[in-house]
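The values are calculated or read from the model by the stated rules, or taken from the named source; none is laboratory data. Note that the structure is predicted; figures quoted are calculated from it, not measured. FYI the Cβ positions are ideal-geometry reconstructions off the backbone, even for glycines, and counts take in every protein chain you see. Areas reflect the complete protein model, heavy atoms only, side chains present, ligands, DNA and RNA absent. Shrake-Rupley method; radii C 1.70, N 1.55, O 1.52, S 1.80 Å.
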Amino acid sequence: MAVGILNNVEIKGIAAAVPDNERKSEEYNDIFGEESVQKFIKMTGIKKRYVALEEQCASDLCYAAAKKLLNKLAWEPSSIDALILITQTPDYAIPATACVLQHRLGLSEDCIAFDVNLGCSAYVYGIWLAATMINTQGINRVLLLVGDTSNYGINQNDSATAMIFGDGGSATALERTEGKNLKYFLKTKGSGFKHIIVPAGHARTRSKTNLESSEYLLTMNGSDIFTFSITDIPRTLKSFMSQYNIDKDDVDMYVFHQANLFILKHLSKKLGIPMEKVAVSIDRYGNTSGESIPLTLVDALGNEQSKEPIKLLMCGFGVGLSWGGIYLEMDRSVCLPMIYTNDYFTGG
Amino acid sequence: MTNKEKLNLLEELLDIGKDTLSEDKELKNLSEWDSMAAIAVMAMFDDEFGKIITSDEIRGFVTVKDIMDKME
């Protein structure tokens, strides 16, 4: 079972970037009607979010976050042993965007670089993967980049998806540090692979002709996802907490994937934790896919100066279906303030 | 829970005026019944009755009474 403790690893810094292009939910009144939009806001909590420019990719947002973070930490690019990019909106079908970023960030040729395809669970998988690598000989510093421009490939006339996603990119710096550890659990339920899917555009449909254009866009089955969110997530989180004696009152902040506010509230109720301890960013940033956990951390702690430790329980869940949790302690001051940028790569 | 209480609970959940919903109302003719309402109903079953209603069951609801029959 994928549950355990990883030793000698610490998060040294987290940065998050969003496009400098705010979209308010109310801007959709003309398309969906004011009443529907108000109902959407009430249910999801989303009042606004940031949408990438046409030319702007997830990698550009991750790049902006990584640049600032390396600068703040005074980490030489040559000291990074591995770069992991987790995204579902890579720059190209081929090659891996992590290779492009290794070049753009000026990292060494000795640096490992690869992409991982995960969405809502990306951050917890990424932390586990980076920590696992740090427990490998010769790897001391890992740069974990998680980001998506989910608004690419959205049906603008589908009220279930048109207003929900925010775009963003993040960078997290992890380093080998004696005496620090984290606890994790990771799970997969591939039977639900169709619940959130972009059916066309890749190999499975290559021999099919006359595909509907909507098959190239994201479809989401909200009710099946909701069932998953209120059954599997609280059950496995409770079991993880019980296995490691994590007292719910000892956790300073719960950082869950920002699916929608209704799910966050329902989860807090099911877990018996007060909403005051559940970090919320969805109201201002939307559902930012895999980036929602680091973005929420930056939103909550980005202006903290205190080095006082904070105990965090993170849980990412969604597309796959895939989910997991990480429990760790870090300094409150590791998050940089939110970055707003419209920069993009022109060398591609 | 009496039928009236069930109806009132659904009215509150779906943001419909009190005492305006009838048991035989077909969901397809109820403008408030949409994907978000379905999720609110699923959450209500979990909260109030400790029951998980699947999306297939939701799709199987034809009238308001079909929902009420499960509310126990």
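Annotations
- Straight-line reach from B:Lys6: taking Cα to Cα under 18 Å and skipping same-chain neighbours fewer than 8 places apart, the lysines in range are B:Lys18, B:Lys25, B:Lys51, B:Lys65, B:Lys70.
- Taking amide H as placed 1.01 Å from N in the peptide plane, A:Val278 has its amide H under 5 Å from the amide H of A:Tyr254, each at least 5 places away in sequence or on another chain.
- Ignoring lysines fewer than eight residues from A:Lys307 along the same chain, the ones with Cα atoms less than 19 angstrom from its Cα are A:Lys12, A:Lys72, A:Lys180.
- Amide hydrogen neighbours beyond the local backbone of B:Thr63, cut-off 5 Å, H modeled: B:Leu27
- Note that segment A:96-102 has calculated 3J(HN,Hα) couplings of 4, 5, 4, 5, 5, 5, 4 Hz, one per residue in order, obtained from phi through the Karplus relation 6.51 cos²θ - 1.76 cosθ + 1.60 (θ = phi - 60°); glycine and proline are x.
- Segment A:115-136-segment A:223-248 distance, computed between alpha-carbon centres (Å): 20 Å
- Taking 11 Å as the cut-off, the amide N atoms of segment A:256-297 that come nearer than this to a point 7 Å along the Cα-to-beta-carbon line of A:Lys47 belong to A:283-285.
- Chain lengthening between A:Asp20 and A:Tyr340 when straightened (0.36 nm per residue, less Cα-Cα): 114.7 nm
- The slack between B:Met1 and B:Asp69, meaning 0.36 nm per residue of separation minus the straight C-alpha distance, is 23.4 nm.
- Whole-angstrom Cα spans of segment A:282-332 along principal axes, big to small: 37, 25, 12
- Taken over segment A:54-117, the convex hull of the Cα atoms encloses 79 Å³ per residue.
- Segment A:158-265 - convex hull of the alpha-carbon atoms, volume per residue in Å³: 181 Å³
- Proximity of backbone amide H atoms, modeled 1.01 Å from N, is registered between A:Asp20 and A:Thr341, A:Asn342 at under 5 Å, excluding neighbours fewer than 5 places apart on the same chain.
- Rounded to whole Hz, the Karplus (6.51, -1.76, 1.60) HN-Hα couplings of segment B:49-56, x for glycine and proline: 10, x, 10, 9, 9, 7, 5, 5
- Taking all pairs of distinct alpha-carbon atoms in chain B, Kirkwood radius in angstrom: 12.1 Å
- Listed peptides A:12-24, B:27-39, A:83-95 appear in the order A:12-24, A:83-95, B:27-39 once ranked by packing, highest mean of other Cβ atoms within 10 Å at the front.
- Cβ neighbours within 10 Å from other chains - mean over B:34-40: 6
- Cleavage-rule hits, chymotrypsin sites (Phe, Trp or Tyr not before Pro), segment A:138-242, DSSP coil, Cβ neighbours within 10 Å at most 16: A:Phe193
- Note on the protein assembly as shown: semi-axes of the ellipsoid equivalent to its C-alpha gyration tensor, largest first and rounded to whole Å, are 38, 25, 19.
- For segment A:1-71, projected area of the alpha-carbon convex hull averaged over all directions, nm²: 8.7 nm²
- Each listed q (0.25 Å⁻¹) maps to a log10 I(q)/I(0) for segment A:262-346, found by the Debye formula over equal Cα scatterers with no solvent: -1.45.
- With all protein chains in place and a 1.4 Å probe, the accessible surface of chain B carries 47 percent carbon and sulfur.
- Burial of accessible area (probe 1.4 Å, heavy atoms of protein chains only) in segment A:213-247, relative to its chain alone, reaches at least 20 Å² for A:Ser223, A:Asp224, A:Phe226, A:Thr227, A:Ile230, A:Thr231.
- Across segment A:84-93, rounded Karplus estimates of 3J(HN,Hα) from the backbone phi angles (6.51 cos²θ - 1.76 cosθ + 1.60, θ = phi - 60°) give 10, 10, 10, 7, 10, 10, x, 5, 9, 5 Hz, Gly and Pro being marked x.
- Euclidean distance of C-alpha centroids, segment A:36-78 and segment A:1-35, integer Å: 7 Å
- Alpha carbon centroid spacing (whole Å) that separates segment A:266-329 from segment A:175-211: 20 Å
- Inter-chain neighbour count for B:54-60: the average number of beta-carbon atoms from partner chains within 10 Å of each residue's beta-carbon is 3.
- The gain in end-to-end length when the A:Ser333 to A:Ala200 segment is fully stretched comes to 43.6 nm, 0.36 nm per residue minus the alpha carbon separation.
- Debye intensity ratio in log₁₀ form over the Cα atoms of segment A:49-167, taken at each q of 0.09, 0.11, 0.20 Å⁻¹: -0.26, -0.38, -1.11
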